[in-house]
Structures are given as C-alpha cells and as structure tokens.
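In what follows, a structure is listed as structure tokens, so that the remarks can point back to it.
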Amino acid sequence: MSFVGDSMKSPAKPMTTDDDLPLFNNSKQMEVQKYPKKPTVSPTLAELLMHVDDAQNSPVDHRVVELGYGCGALPSSNPFVLSFNNLTYSVKVRKKMGLIPFCGKKGDEIDANAVNTKVLLNEISGEAREGEIMAVLGASGSGKSTLIDALANRIDKDSLKGTLTLNGEVLESRLLRVISAYVMQDDLLFPMLTVEETLMFSAEFRLPRSLSKTKKKARVQALIDQLGLRSAAKTVIGDEGHRGVSGGERRRVSIGIDIIHDPIVLFLDEPTSGLDSTSAFMVVKVLQRIAQSGSIVIMSIHQPSYRILNLLDRLIFLSHGNTVYGGSPEMLPSFFSEFGHPIPDNENKTEFALDLIRELEETPGGTKGLVEFNKSWQARKNQRNGFSMKSNLSLKDAISASISKGKLVSGATNDSNLTSSVPTFANPLWIEMIVIAKRSMLNSRRTPELFGIRLGAVVVTGIILATMFWKLDNSPKGVQERLGFFAFAMSTTFYTCAEAIPVFLQERYIFMRETAYNAYRRSSYVLAHSLISIPSLIILSMAFAAITFWAVGLAGGLSGFFFFFFTILASFWAGNSFVTFLSGVVSHVMLGFTVVVAILAYFLLFSGFFISRDRIPVYWIWFHYISLVKYPYEAVLQNEFDDPTKCFVRGVQLFDNTPLGSVPSSLKLRLLQSMSGVLGVNITGSTCVTTGKDLLVQQGVTDISKWNCLWIIIAWGFFFRILFYFALLLGSKNKRK
C-alpha cells in the first residue's frame, strides 16, 4: 500500500503498466487510458462527487473519470486491518450405510458410527489490509468459498470457531453487514433492466436520501466509468431469451451494485469464474482500483493468470481446509524453494503451486508436510519481521475517519457514537417501498406479455362461462346451473392466481442477496409488492365481472354487480396472497404448482358446493372454515338469492328433476290438489313453494352475512401476506449452519 512505509512492505511486485486497464471512450471504441507514472492512491467515489454541482441543469460529463489524486492529497496513515485467527468450521456428514454383516456388534454401536465430522476449515489465520487484494486459492473442495463465507459472516456463530477482528476489535455481525458487501459467484440480476438502471436502483437503495438525486446519478456515472461499462450502459442485462451484455460485463455489474455504497470490506466468491482471460483480468483490475480507493478486497479465485497474479497483494493457498501458504506472491518462489520444490523459470507461480498441491494430495501423506512447513515458515518470517502491522486507530475512530474522508457507508454520518454513525438501513421504509415498486413496475412494463396472458386467460374463461350459462332462468334447473356457475367462477379466480408462483421464485436469490447486507427491509419488499399487485387485480376482476354478470343474468342490478365485482377482487387478492406465501415456502416452481393445485382442490371440495355445511363430517368441519373458496362462494350466493320476494320453485315445478317431471301438466295439477288436501294448504300451479331464502337454508348458507364473508376474504389476504413476511424472515437468513 502506498500509505505504508517502505520498510513495512513486502518485496515490491512488478508495477502494473498503463496498458492494463482498457476503458471505453465516448465513441465506444476500446482504447488505453493513460495514467501518471508515479504511484497513486485512488479516492473513494464519494470524493469524486464533492465538486458535483447540484444544479439540475448542470451537464454530466460521461468521459472516463481519473480516479487518482490530482491535488497531491495525502493517503491515509491509519488503514483498516481485518484479522482472522484459528477459524475452524466442521459439518457432520452421514455415512452411507451398506449391508453390514453381523459381527457381534450391537445396533447402537453401528448407529454411533453412522455420522462423521468433516473439517472444512482447520485453524485458518491471516489478515487483509485496506488498499490490498487478498486472494484465496485452491482446488475445488479445498475450502475457498467456505473461508469467504466465514469472513463474510455467512456461517452460524455457533458452528464457526475462532476470532474475526477489524483493527483489533471483534467485528459484530450487524456492523459487518453495514460496512461490507458480498458478491456471489452467480450473477443475480434482473434481465430486463439496463446496466445503468440496475446501478441506479442499487444507488437508490444503498445511498441515503440526504444525497441529492443529481449526485446519485453522478455517482452511478462515475461507477460505470470505473467499471468500464460505458459502452454497455444502455444495454439490458439479458438472459436466455433476450440478448444482453457479455459475461464479463455482467460480472462487473454484479460487483458494481454491491460497491455503490463504497463499502469498507468487499467479499467476492470466484468473480472470474466462467470468464475468458481478458474479461477476468478486467474484473480483477476493477477490484484493484476499488481496493486502492480505500477498501479491503477479499476474493476466492481458482487459477489466476500471470497478469492477474501481478494485481494481487496477498495469497492464501488451501488444501482440504488447511493453509499451505500465506503471504505475498513475491514470496512464493522462496517458499517453495525452501520446501525443496523450486519453481522453474518462466512458469506461472500459482499454476506450479496448485499442481504441486494437487500431486501431494494424491500421496498417502497428503499435504500434511506442506502444512507443517508453512507453519514453521510463517513463524520464522514473523520472527524476522518482529512486528505485525496494526492500525493506530480504534474501530470507531477508523470508521469515523473513513466517513470524514468521504466514504458513504449506507448513509453513515460523522458521529461520535459508532452505533448511530452506521445505521442499519440507508433509507426509511417508505423510500424503500417506492424504489421496490418502481423497479417492479419497470420490469412489468418490459414484459407485458406476462400480464397479457393472464388477462387473456381470465377473459377467455369469462366468455366461456357467459356463453355456457347464458341468461339463466328462475326454474329449479336454473338454480342448479347458478350454483354450478358460482362454484366454478370462484374457484377459477384462485386457480388463475397460480401464475404468481414463479414471480418470487425468480427473484428469490436477488432478494436474498439484497437483504443479506441491508439494502432494504423485508417488510418493505412485502408491502411494496402487495400494493403494486392491486391495480392488475382490479383490471382482472372488472374484466371477469363485466363479461359474466349480465350475460348470465345475475340478480341485484347495479349494486349487485358492484358487490359481485368486489367479491371477485377480494378472491383474487386472497388467492394472490396465498400463492405468494407458498412461493416463499417452496423452492421449486413445479413443486409450487403441485402444492397450489392440490390445496385449491381441497378448498373447493370443502367449500359447501359438493356437500353442504350441515352434511360435512364433524372431523372435517374445520377444513370447511379455512377453505378460501367457502367465503366468496357464500357471498355471491347471498347476493343472488337474498331477495325474499323472488321465487324459484312454483307449483308444478315441484316435480322437476324427479321421475314425475315428465307426466302431463294436468296430472301434476291433480297431484297438487291432493297434496293441498293432505297438507291443509292450497297449492296451485303458480303458488311459490321455494324462495331464495329457502335455497340458502338448503345450501347451509346461514351463519355469515355476505358483507362479513367479503371482509373475511380480504382478511385472509392480509393474513397470508403476514405469513409471507415471516417466511422471508425465517427462510432468507442465507447462513450455513
């Protein structure tokens, strides 16, 4: 680091040449950005904004930003030092039990040996410094990602042993989440947003509202130039079905959204995985500039090229969870020379080291000898140096100094109290809701076919029902047909909500990444998505109600229509909330569809259509009351049949749907006269025998009024939204046990 005295530095490594950083100019042609020959330390992006004019009419210069100090500013003399000592992590692995012959062992002895303990990290120690890149190397399964997770607080405290300190003070998980960022190996981005929009939404989440909109935009533009993404700024991210940016550009965008708030510590899990050599070099070059701007960068990498190796400051080689080397790249030749395996000239040092480690792992003794040699070599090195670099400042003072020089740590303020100077979230809840809603609506506008297909399904279903049940009369057959229409219509509203399952499942890992480091609250996500779903539900409900109500000939006039509409809307709301909750519980789309279809079928079965409430067995009556279909079904039945003056069965219609229905009308009238004599009541061919109230009693719809049914449906929707919140709260911890 340039702010550390020469006597305190490890042997100098080859300086990166000016040709190492390709950026994009305004003509979108790749060219070489010239830099001063003297070593420079890059400022934070916040410092680049100190001279940004707040005037709305001020033009923003989109040329490549020079990140070196231009006025002779002095580098920091009190860097951050992240130290980790004796990190140990193990998991229990259940053995695969084969056919065990009876050898006199008891069953409990066999069970006791059925679980083995596998050590993933074994007393790993080291330190990472501000302004430097520390890389963790090793073969697949060596523990690289596990070590990154341990340092990034992604392993449960009860399972991880050892200490993690920043400037000599134990680092609390809450503080680490605020001052750090974690870039996952997979690029988790919204495919239909452009690069600029993706970074801008990240800025609105992570930067405080005290920073003006103009400065946020300027910060995003500076970051685009720092990441070398100017030519792709207006290009969508893309996915399998939409052409977008390249793999290297996607990776740099993933890094950008996590450094927009200028974190003190940046963790990356194999950021060069799947990239060609040029793209991988550009990514690591960006990471070097981020480190030089005042951050600690820690990453895992599989096998760096020669050019990438020249950008790295510290290396940790792992083998089956053990440290086999820890130090600078320049010390690798002397280390392996002393071990008895000198690195040949003109050979990549890391490739040689990894090949040697792999060969040793295949020997009977494994890498135990190399692990022990590393311990003794580290002890001799520390004894020769006679010191361990530590910061002069306490953690509180160091963070305050970092904030003072311009670092924007999620809305941090230069406060004497560390807790108050680093708030958990950069923005209040309502700001987060607005940003989430705006991003979701933008995604929806970019994919109008999704809502169009759902609306088309509702319209087609409505047309089919309207033509099938066209202008139903008030006869007994008409009553049965009405009951069938209501049961099918209400269940259809719930089944069409099943399309909401993939919505959250596609965003699940993006949500987990963003909430893991406090980009926004989980409650903001739930509330925002609940609110933005309402307009589309209103459109769907109005379309279905308008198509079917008058075509079927339902009763109630205009007031009846609006109650029918609100019942459909409440059903869509409850069904959408229920499916959203399930999407927070299940992890696979097909599993989600299977569960939703099965549960909705049970809801319909116990709704009261196939068997009335009075006939449901007592041990199943509880399911009747939790059935989501029950309440809208009973509400529309009461809306249709609640008129006491309306008659549905008159005189001779008593014999409809019976074997006597086919006899002549004259015979039916004589039968009615005989019945009148027996009952002592005059029943003629036009006498009203069954009213709407009677039908409701027959269906067992007597315990809850139609308005109470409507409120209960709405309440079910809120209940499932609350359950969705708790599902997110419990299911998105994103930590290893």
Phi-derived 3J(HN,Hα) across segment 617-625 with the Karplus relation (6.51, -1.76, 1.60, θ = phi - 60°), rounded Hz, x for Gly and Pro, is x, 4, 7, 10, 5, 5, 5, 4, 7
Of 646-652, 664-670, ordering from highest average Cβ density within 10 Å down gives 646-652, 664-670
Mean Cβ-within-10 Å packing, highest first, puts peptides 322-334, 447-459 in the order 322-334, 447-459
Given the candidates 712, 651, 700, the one whose Cα lies deepest towards the positive end of the charge dipole of segment 639-737, counting +1 at each Lys or Arg C-beta and -1 at each Asp or Glu C-beta, is 712
Counting only protein heavy atoms with a 1.4 Å probe and every protein chain in place, the carbon and sulfur fraction of the accessible surface of segment 606-737 in whole percent equals 64
Expected field for residue 372, accessible surface area in Å² at 1.4 Å probe radius, rounded to 10, holds 90
A convex hull over the alpha carbons of segment 658-737 yields, per residue, a volume in Å³ of 207
Note to self: Kirkwood Rh of segment 575-660, Cα pairs, one decimal, Å, is 15.9
For segment 578-712, the per residue accessible area (1.4 Å probe, Å²) is 53
The farthest towards the positive end of the charge dipole of segment 596-734, of the residues 673, 633, 662, given +1 on Cβ of Lys and Arg and -1 on Cβ of Asp and Glu, is 633
Diffing segment 289-306: the Karplus 3J(HN,Hα) column from phi (6.51, -1.76, 1.60, θ = phi - 60°), in whole Hz with x for Gly and Pro, holds 5, 5, 4, 5, 7, x, 10, 9, 10, 10, 9, 9, 8, 7, 8, x, 6, 4
Flagged as over-length at 26 Å C-alpha distance, from 213/234; 477/630; 118/381; 217/438, the pairs are 118/381
With all protein chains present, segment 116-243 has a carbon and sulfur share of its accessible area (1.4 Å probe) in percent of 46
Spelling it out for residue 325: with amide H atoms placed in the peptide plane at 1.01 Å from N, the residues 5 or more places away or on another chain with amide H under 5 Å from its amide H are 317
For segment 248-329 the mean separation of alpha carbon contacts under 8 Å (6+ apart) over residue count, i.e. relative contact order in percent, is 27
Note, residue 613: beta-carbon cut-off 14 Å, +1 each Lys/Arg, -1 each Asp/Glu, net -1
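The values are calculated or read from the model by the stated rules, or taken from the named source; none is laboratory data. Treat the numbers as computed from the prediction; the structure is a model and nothing was measured. Every residue, glycine as well, gets a Cβ built from its backbone with ideal geometry; the counts of neighbours run over all protein chains shown. In case anyone asks, the SASA skips ligands and DNA or RNA and just uses the protein heavy atoms, side chains included. Shrake-Rupley method; radii C 1.70, N 1.55, O 1.52, S 1.80 Å.
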